[in-house]
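These notes are about the structure you will find just below.
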Amino acid sequence: MGDRAADVIRILSSIIGIIAVSAVAFFIFSLVKRKTSDSMNQMVDVSIYTELDNKEITGTRVKQVIKQLKKSNCALLVNTLKFSGATLPVCKGRVDGKSTDANGVLVGRTDRVTINNNIKAETSINETFKKGLLKGTGVPFTMIENFTIKSPNGAIVYQPLCVNYGSILKNSMSSEPVGDSFKNAVMINPINKKWKFVGTGFRGYGKPIEYGQTIMWDDKKGCFLTKLDFAINSETSQVLKYNSTGALEKSGDCMNIKNDDKFNSYLLRNASGETVGIVFIQQRK
């Protein structure tokens with residue numbers, strides 16, 4: 001009886017050992033596979049960054065890149081002409097905002113960007129963003145400084161807004177996210193339909209803040225700069241994403257991108273010089 005019990009124990013021990021070894025092997029395989037996949041994604045990203053560094057591309061290519069990189073840790077900032085026309089009260093901004101010091105050194109503006117609701121929007125915000133804008137939640141917008149564009153009707157836009165697809169920058173929200181929920185830096189007052197900031201709104205690149213900061217164009221480096229990192233889901237520790245891209249294909253929407261539209265693409269780099277995103281600015285015909 002004792003020998004039989006010992007045999008059963010040995011068999012069970014062998015089975016447990018085999019299961020343990022298999023589990024370890026599977027874990028190592030999964031880890032290697034994930035690291036290999038990450039390395040491959042990184043190689044693809046580098047290739048795309050090289051391709052899109054200060055280039056002119058089509059609307060078709062913009063949409064392809066957004067789809068391709070939406071799962072990568074990459075901020076995809078998009079400005080369309082209609083979107084600028086719709087957000088003129090916010091992004092036309094102050095003419096006298098300075099991004100250089102008295103010696104001409106690029107340091108970034110330190111003032112708070114202001115909203116002028118006396119400026120009439122040229123186009124309208126469509127249903128895609130309306131709910132989020134009225135509540136002031138869930139729509140990541142990033143503001144650019146030291147880089148002017150023109151609206152559809154030719155108005156100079158001094159602080160253009162971009163929709164932050166892909167990985168969401170801390171620049172695009174007014175405060176720390178809770179889980180995957182966050183507050184926009186701007187919203188539309190549901191009563192009078194006027195634009196207003198959520199919290200402190202956007203602050204200039206030269207300010208030492210953690211959220212709601214502009215990104216800045218550096219003409220010498222030929223790229224955009226950000227001091228802030230990606231926003232993190234406080235529950236999962238994953239980078240927050242915004243992949244609601246339906247408006248890009250929706251005719252009449254302010255974010256609709258036609259295949260033959262022309263865009264300029266620029267890289268976005270962080271304080272360490274690493275490329276963390278791509279900025280797409282639509283050309284005015």
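Below are the figures for this structure:
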item: Residue among Phe263, Phe280 that is in a strand (DSSP E or B), more than 16 Å from Thr142 (Cα to Cα) and in contact with a strand residue (DSSP E or B) (Cβ under 8 Å, 6 or more places away or on another chain); result: Phe263
item: Pro208 vs. criteria more than 30 Å from Glu235 (Cα to Cα) and surrounded by fewer than 21 Cβ atoms within 10 Å (Cβ to Cβ); result: no
item: Odd one out for Ile119, checked against (1) modelled with pLDDT of 90 or more; (2) aliphatic (A, V, I, L, M); (3) exposed (fewer than 15 other Cβ atoms within 10 Å of the Cβ); result: (3)
item: Residue that is at pLDDT 95 or above and among the small types (Gly, Ala, Ser), where the choices are Ala231, Ala247, Ala185; result: Ala231
item: Index of the failed condition, Cys223 passing every other in (1) hydrophobic (A, V, I, L, M, F, W, C); (2) touching a Ser or Thr at 6+ places or on another chain (Cβ under 6 Å); (3) closer than 16 Å to Ile144 by Cβ; result: (2)
item: Any hit, segment 176-183, residues being touching a Lys or Arg at 6+ places or on another chain (Cβ under 7 Å) and at negative phi; result: no
item: Check on Val78, under 16 Å from the mean Cα position of the chain (by Cα) and assigned by TED's automatic domain parsing to the domain that holds Cys254; result: yes
item: Whichever residue in segment 130-183 is more than 21 Å from Ile209 (Cα to Cα) and of a type in the set (A, V, I, L, M) and, among such residues, is surrounded by the fewest Cβ atoms within 10 Å (Cβ to Cβ); result: Ile156
item: Wholly enclosed strands (runs of 3 or more DSSP E) of segment 125-228 bearing at least 2 residues small (Gly, Ala, Ser); result: 161-167
item: Top-ranked residue in segment 89-118 [being among the polar types (S, T, N, Q) and in a loop (DSSP other than H, G, I, E, B); ranked as nearest to Thr200 (Cα to Cα)]; result: Thr114
item: Scope segment 64-81; condition surrounded by 21 or more Cβ atoms within 10 Å (Cβ to Cβ) and either part of a loop (DSSP other than H, G, I, E, B) or of a type in the set (D, E, K, R) (or both); matching residues; result: Cys74, Thr80
item: Every pair of residues 6+ apart whose Cβ atoms lie under 9 Å, when the first sits in segment 243-267 and is touching a residue at least 12 places away in the same chain (Cβ under 8 Å) and farther than 28 Å from Val46 by Cβ while the second is basic (Lys, Arg) and assigned to a loop (DSSP other than H, G, I, E, B); result: Asn256/Lys250
item: Exclusive hit being more than 20 Å from Asn264 (Cβ to Cβ) and more than 15 Å from the chain's Cα centre (by Cα), set Gly206, Gly222; result: Gly206
item: Residue list for segment 126-157, filter: modelled with pLDDT of 90 or more and hydrophobic (A, V, I, L, M, F, W, C); result: Leu133, Leu134, Val139, Phe141, Met143, Ile144, Phe147, Ile149, Ala155, Ile156, Val157
item: Cβ-Cβ under 8 Å pairs, at least 6 apart or on other chains, segment 102-118 side in contact (Cβ under 8 Å) with a residue 12 or more places away in the chain and within 25 Å of Asn189 (Cβ to Cβ), far side of a type outside the set (D, E, K, R) and assigned to a strand (DSSP E or B); result: Val113/Met143; Ile115/Val186; Ile115/Trp195; Ile115/Phe197; Asn117/Trp195
item: Number of the exception - Gly97 against (1) buried (at least 21 other Cβ atoms within 10 Å of the Cβ); (2) small (Gly, Ala, Ser); (3) within 19 Å of Gln213 (Cβ to Cβ); result: (1)
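The values are calculated or read from the model by the stated rules, or taken from the named source; none is laboratory data. Predicted, not measured: the structure shown is a model, and the values here were computed from it. Glycine also receives a Cβ, built like all others from the backbone with ideal geometry; neighbour counts cover every protein chain displayed.
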